[in-house]
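Every number here is computed from the coordinates shown, using simple stated rules; none is lab data. Note that this is a predicted model, so its numbers are computed, not measured. Positions of Cβ are backbone-derived with ideal geometry, glycine not excepted, and every protein chain shown enters the neighbour counts.
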Amino acid sequence: MSVWALIPILGIFAVFGVPAYLFKRYFDLKERQLRQQNADDAEMRKELAALKSRVQVLESIVVDGDYELNRKLGALDEGKGKSESRALSKLPDDKP
C-alpha cells in the first residue's frame with residue numbers, strides 16, 4: 001500500500017471527521033452548561049421557597065394582634081410627646 005492511497009482516506013477524515021468531532025465537543029459543552037444551569041435553578045428555587053416562608057412568618061408576626069406593634073409604637077409616641085411638653089413647660093416665659 002502506497003502513501004498515495006492514504007490521501008483519499010485522510011481527505012475523507014478531514015472533511016467528515018473533524019467537523020463531527022467539533023460538533024460533538026460543542027454539544028457536550030452545551031450539555032454541561034445546561035446541567036449546571038439546572039442545578040443553579042434548583043438551588044435558587046430552594047432559596048426562594050425558604051425566603052417565601054420567612055416572609056410569611058414575618059407577615060404573620062406584624063399582622064398578628066398579639067404582637068401589638070401599633071400599641072408599642074403609640075406608647076413610644078405618647079412618651080415622646082409628654083417629654084416634649086415637659087421640656088416646653090420648663091422654658092422661661094418671654095413676657096417681661
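What nm value, rounded to one decimal, do you get for the distance between residue 4 and residue 39 when each label is placed 7 Å out toward the C-beta?
5.5 nm
Can you list the HN-Hα couplings for region 12-28, worked out from phi with the Karplus curve (6.51, -1.76, 1.60; θ = phi - 60°), rounded to whole Hz and with x for Gly and Pro?
Coupling constants for region 12-28: 5, 4, 5, 6, 9, x, 5, x, 5, 4, 5, 4, 4, 4, 4, 6, 5 Hz.
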